[in-house]
Every structure is written in structure tokens, then in C-alpha cells.
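Report on one structure; see the data block that follows.
The values are calculated or read from the model by the stated rules, or taken from the named source; none is laboratory data. These numbers were taken from a predicted model, which means no experiment stands behind them. Glycine gets a Cβ as well: all are built from the backbone with ideal geometry, and neighbour counts include every protein chain shown. What goes into the accessible areas is simple: the full protein's heavy atoms, side chains included, and nothing from ligands, DNA or RNA. Shrake-Rupley method; radii C 1.70, N 1.55, O 1.52, S 1.80 Å.
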Amino acid sequence: MDFLSILSIFVMACFVGYYVVWSVTPALHTPLMAVTNAISSVIIVGALIASAAVGIGGSGAASKWLGLLAVVFASINIFGGFAVTARMLAMYKKKVR
Amino acid sequence: MHEGLPVNPWAALAYLIAGICFILALRGLSSPVSSQRGNRFGMAGMTIAVVTTLVTHYPMVAGAIDTTTAIEILIAIGIGAAIGILTARRIAMTDMPQLVAAFHSLVGLAAVLVACSAFLNPAAFGIVDAAGHILTVSRIEMGLGVAIGAITFSGSVIAFLKLNGNMGGKPIMLPGRHVLNLAVLAGILALIAYFTQDQSGWVFWTVTGLSFSIGFLLIIPIGGADMPVVVSMLNSYSGWAAAAMGFTLHNTAMIITGALVGSSGAILSYIMCRAMNRSFISVIAGGFGAVADTSGGEAKEQRPWKRGSAEDAAFLMQQANQVIIVPGYGMAVAQAQHALREMGDILKKEGVSVKYAIHPVAGRMPGHMNVLLAEANVPYDEVFELEDINGEFAQTDVAFVIGANDVTNPAAKTDKSSPIYGMPVLDVEKAKTVLFVKRSMGGVGYAGVDNDVFYMDNTMMLLADAKKMVEEIVKAMAH
């Protein structure tokens, strides 16, 4: 993909984000932050590529270990973020009539 | 133009689907009813993204799968999963702001590490040209990615320390910090520009180091009262960091997510700033809450106020038609939410209408108070936002303020010299009676200003620990 198509996706996604986030009810702003935390850890994709790559020489090995470390951090966020969001959302209950 | 690694169309499609799942995850949060389904969309999107990456980028050695590396990757995921799930289960809801700050720092750190490994082994990411140099566009993206990631990391660490109480909430003011900060920022941008000409290691590592330091410098002067804005802002940064890395990797899932998270944090920062009537720039410039302390001391004349007992409060509320409860961070600190819900239940049984009024900056992060009330089993349809309930105070018999202060201060509407002038506040003083639970008369809110509500004829001060006071009221109601 060339730079311009990527930029187009990015700009469109910013607009989508703008409208979607304004529609989030203020009562759920804390879960919103927790879940955005979890999904921004999609950066794990880059970490996995780095970990799996065959490196050349010393910098290749360093690159792999940095990638593995990033996998650990991103996984903490992914599992922790989704789990804590689920825990919070399960608390929101309607009035029992 | 160089195209990077050949794009597998199926993988590209899968990443796009993952991105759409993330949009649906946020969309689900428009109502508590659809929110849990939304969260499952998020998990599905993440699974798709991770599995696609593992399938298309599995480690190879001499034409066969490199099992050692594959196992190492799975162990890394396992370690992260264990830490993440344990933390998520154990964390107290009061500590949510710290947890979110800690999570932000990890996103930032992961972005830095990915950018570093991309710099060390660019061929693996398909960002080298025929001569083996890193592509110019990729250098800018990498530079920005590592810079935003590092700022997110170090800024979030400071925010975490402040929220967790390891570091005082008071702003720390370095002399000449504005000049210093601007100089460092300019230095980072200049070095990223130079990085396009010279891909030596020192340029990249200096950008990384400077960005770590600017993160610390930017957050240190910001006081505790502004933490909701800071947490939201760092949320935004973590998104932009992910987007920058998405540009480097040509990955749509990362770009869509980065844009979503970036806008989300930016909108939340805006909502928080508006709720405090502060401009974003003045929050970033820092120092709020440092000067206010000295000005509070001078005009301390003794004004008469009324003290009430738990029995008085119980009687007043039981006679009322409608009670509006205004909780603030003090309620969370005292862990009074469960006792408060019990009090509400008794009142409802006796036919009193009970509502909760939430100011956007009550608590330490957006929506914090709502989560705490939900945890105490307060139904979410009894909890109202400022603009939805403010008109009702005039027809309300009792406003029960617990652990909140600045957000009820009428000076915000009348006193132009007040540091909180212009901030939208809850009109508690319009209720027939105001019951104000507070630890003592001495303490002032975050903004360090006195509150006229304390001294009104229709106000009764209930001076005690919030939780103890509510428990005593509940006891008195039972009699």
C-alpha cells in the first residue's frame, strides 16, 4: 500500500472515531478508556513481526528480544484491558421493577 | 514508489475486519445494554489481528517453522495474559485511574520497543529500499512513533505516581520550564527531520531519549485537580503512537485503532476541560492548585454555619419527596458508596424519589463516579449527568452532597475573581435543604476556594468521615 492510501484510511478513521466517541454515554467513559487501552495494544502486531523475524547479526537478535518484550507488555494490556472492561460493564444494571 | 513487502490480500482483509470490530466495540458503549456485546467485538477484533499476524509472519528457519521462537512468542503472550488478568480481577474500582495510567504507559513502552526493533531490523518490516537504507517515509513514521510512544510512557508513569499517591499531587514547577519544554520539543522535531537524511543510530536514540525526558517534564508541573485531563490526553497519545506504528507497518488494523483511540482521548480531554472551564493549553502549562493555596489563607473570616446530626439528616430525608445525592471523589476515598446505596434503598422503600447527580469531573477520571456507583449496585437509570438534572434542584427537598465540594460552589457562577469562575456547577443551593457531608470545616477542595454553600441558612453540615456518617444515617432511619 502506498502512503496516500494509508493516509486516506487514517483520516477516514479519525472521522469515524470522532462520531462514534461522541455517541458514547458519559456514564461509560471509564470503560471507554479501559477498552481503548486494550485495543490500542493492537501494536502487538508489530511486536509479533519483530519477534518472528530472522535477524542478521547482533542487532537482529536485539530486535527479536525487544519484540518479545513488547509482546509481553502488549499482552498485559490486551488481556488486562478487556478483562477489566468486562468486569466494569457487568456492574451496570438497570432498576429492578 | 517502493511498496514494502508484498501484501497478502487475505491478511489485509483480515486486518480491515479487525479494525471494523474495534469500531463496533466503541459503538457498543453508546448504552450499557449494548456495551458487553461491544466488548466482545473488541476481543474478536484483537483475536483476528493476532492470529492473522501469527499465520502470515510465523518464524522460519531454513524452510521450516522455527519452533523455539514460536514457543518463546507463546510464552511471552502467556506471561502478559497472566499478569493482565490477575491485575484486572484484583484492582479496586477506586484505583481505576491508576490502572488506566499504568496501561497507557505499557502501550507507550510497547510502541517504543516496536519502533526500536524496526530500526534495528528494518528488513523484517519491509521498510528498506534496494540499497538497504530505511525508506524516507518510514523514517519519519518511525521517528514520530518512537517519540509519541516515549512521551506516552514517561508521562503516564508520572500520572500513575501522582494518582497512586507515590508522588504529591502538588504541581512541581521548574524555573523556565516553558522555554525548556519548547526547546526539547523543537529538538525532537529537528532530529526527526534530520533522521530522513542520516539514519545513524545516534539520531534515533537521541530522539528516543529526549522524548522520554519531555514526557516527565510535561506532566510534572500538572496538579492533581487536572489529572482527569492528563489521563485522557495520555489515552489520546497512546492512540497516536499506535497509528504511527501502523503507518510504518502499513497495517490497517493499527491505523484504524490508532485513529479511534486518538480521537477518543482527545474528545475526553475536551469534555474534561469544558467541565472545568479551563483551556487545554492552560492545563498543559500546568501549575493549577499551587497558587490557590496561598490566596485561600488570607480571607478566612469566621462565618456562622449550622451543624447537623445523623438523626437530623435521616429525619429530613425521610420527610422528603425527592432527594438528590451528589457524590464526589471524597465518597470514593471513604469507600462510602455501598452504605450510600443502602441509604438510597431505605428511602426508596419509604416512597422517596432518589436520584444521583454526577459532575463530569467528580472523581479522578471521566466516568469514574458512575463505575463506583454501579459497583455498589446503584441502577444506572437513577444516575444523571449535570445538564440532565440541574433543573431539578429547585423542586428537590434535599440535596445530599457527599465528598464533593468545588463542583457545587456557586462562586463559579457569580464570583469573577474565583479560580473556578465559569465552571459549570451543580445548583445544590437551590434545593430546600442542603446536607453537606464533609470531614471538617477546615479542608478546602482541589481549587483551594471556600464554598458559600456551607454558610447558607438552608445548609446543614454533617462533619464526619463520609462512610461513618452514612452508616449512622442508615441506623437512624431504621428507628
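Within the stretch B:172-206, the set of residues being farther than 22 Å from B:Met227 by Cα, open to solvent by less than 40 Å² (accessible area, probe 1.4 Å) and in contact with a helix residue (DSSP H, G or I) (Cβ under 9 Å, 6 or more places away or on another chain) comprises B:Val184, B:Gly187, B:Ile188, B:Leu191, B:Ile192, B:Phe195, B:Thr196, B:Gly201, B:Val203, B:Phe204. The residue that is nearest to the other protein chains (Cβ to nearest Cβ), counting only those in the stretch B:117-131 that are part of a helix (DSSP H, G or I) and open to solvent by less than 10 Å² (accessible area, probe 1.4 Å), is B:Ser117. Summed over the stretch B:31-55, residues that are open to solvent by 40 Å² or more (accessible area, probe 1.4 Å) and at the interface with chain A (Cβ under 9 Å from one of its Cβ atoms) total 5.
Scanning the stretch B:1-39 for residues that are over 18 Å from B:Ala243 (Cα atoms) and outside any helix (DSSP H, G or I), we see that the one that is modelled with the highest pLDDT is B:Ser31. Taken over the stretch B:119-164, the residue count meeting the criterion of being of a type in the set (D, E, K, R) and on the phi > 0 side of the Ramachandran plot is 0.
Which of the residues belonging to the stretch B:306-361 are polar (S, T, N, Q) and either farther than 30 Å from B:Asn164 by Cα or in a helix (DSSP H, G or I) (or both)? Across the stretch B:306-361, the qualifying residues are B:Ser309, B:Gln318, B:Gln319, B:Asn321, B:Gln322, B:Gln337, B:Ser353. Regarding the stretch A:56-64, can at least one residue be identified that is under 16 Å from the mean Cα position of the chain (by Cα) and within 7 Å of chain B (Cβ to nearest Cβ)? Scanning the stretch A:56-64 turns up no residue that is under 16 Å from the mean Cα position of the chain (by Cα) and within 7 Å of chain B (Cβ to nearest Cβ). The criterion of at least 3 residues that are of a type in the set (Val, Ile, Thr) and buried (at least 18 other Cβ atoms within 10 Å of the Cβ) is met, among strands (runs of 3 or more DSSP E) falling completely within the stretch B:381-441, by B:398-402, B:433-438.
Summed over the stretch B:236-277, residues that are surrounded by fewer than 24 Cβ atoms within 10 Å (Cβ to Cβ) and of a type in the set (A, V, I, L, M) total 4. Within the stretch A:1-15, being closer than 18 Å to B:Arg27 by Cα and either touching a residue at least 40 places away in the same chain (Cβ under 8 Å) or surrounded by fewer than 14 Cβ atoms within 10 Å (Cβ to Cβ) (or both) holds for A:Met12, A:Phe15.
Looking at B:Ala357, B:Ala374, just one residue is under 30 Å from B:Arg90 (Cβ atoms), open to solvent by less than 40 Å² (accessible area, probe 1.4 Å) and touching a helix residue (DSSP H, G or I) at 6+ places or on another chain (Cβ under 9 Å), and that residue is B:Ala374. All conditions but one from (1) at pLDDT 90 or above; (2) exposed (fewer than 15 other Cβ atoms within 10 Å of the Cβ); (3) more than 23 Å from B:Val371 (Cα to Cα) apply to B:Ala320; the one that does not is (2).
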